[in-house]
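*Asks:* Following this message is one structure expressed as structure tokens.
The values are calculated or read from the model by the stated rules, or taken from the named source; none is laboratory data. What you see is a predicted model, and the numbers here were worked out from it, not measured in a lab. Every residue, glycine as well, gets a Cβ built from its backbone with ideal geometry; the counts of neighbours run over all protein chains shown. Just so you know, the surface numbers come from the protein's heavy atoms only, side chains and all, with ligands and any DNA or RNA stripped out. Shrake-Rupley method; radii C 1.70, N 1.55, O 1.52, S 1.80 Å.
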Amino acid sequence: RVANPDHLKCHSAGIVQEYRKFVLNAVNLHHVPPPPIPYIILILRQRTKEKNVGSVLANEDEVKALLQKGNMVDVHVADFSQMSFKDQLKLIRSTNIMIGVHGAGLMHIMFASAEAILVEIHPSSRHARDLRHAVRMSGKIYLPVRATHSAEGVCSRAYVWSPLAATKSVSCSR
């Protein structure tokens, strides 16, 4: 028997908040003001012969260019494997919107400011729920999006996300 069958009701969990506070206090980053204008971080992972990093974004240059066209936001692209944990946390603390392909590194959203949003890019073939639950328990906003398709001829777990293609079918009316 499941204690709470409606998993969407869990918006906060004390142990997650206490862990967040403990880590941020340990690196002296607990009291960091939010950025003056929206700050977007695009988390990318680079696959090498020595390291298979899991899912990657096949059209990362296209996505970076699209994000950088925004005139009311700052955009930063990061590969956490090239940064110390403390530098990763410093970057996350100055972030409002975190975007990345499904993977463990997106759990860093728990250290972001209270109004932070996670945009998680899922493979077109599945929709994992683990990050959704963790993000909600940390009190953040979660927005899942699906990759439009897998990248052919690149490798397995390389996905293409075309944000503009997804919005072409959306219409707004009053």
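*Asks:* Could you list, in sequence order, the residues of region 108-117 that are modelled with pLDDT under 90 and open to solvent by 20 Å² or more (accessible area, probe 1.4 Å)?
*Replies:* Within region 108-117, A114, E115 meet the criteria.
*Asks:* Then there's this: So, I99, is that one at pLDDT 85 or above and either open to solvent by 80 Å² or more (accessible area, probe 1.4 Å) or in contact with a helix residue (DSSP H, G or I) (Cβ under 6 Å, 6 or more places away or on another chain) (or both) or not?
*Replies:* no
*Asks:* Also: So S94 fits all but one of (1) within 21 Å of L143 (Cβ to Cβ); (2) in contact with a His (Cβ under 9 Å, 6 or more places away or on another chain); (3) open to solvent by less than 30 Å² (accessible area, probe 1.4 Å); (4) not charged (D, E, K, R); what number is the exception?
*Replies:* Among (1) within 21 Å of L143 (Cβ to Cβ); (2) in contact with a His (Cβ under 9 Å, 6 or more places away or on another chain); (3) open to solvent by less than 30 Å² (accessible area, probe 1.4 Å); (4) not charged (D, E, K, R), S94 violates only (3).
*Asks:* Another question, then. Could you count how many residues in region 118-165 are assigned to a loop (DSSP other than H, G, I, E, B), among the aliphatic types (A, V, I, L, M) and at pLDDT below 75?
*Replies:* Residues meeting the conditions: 3.
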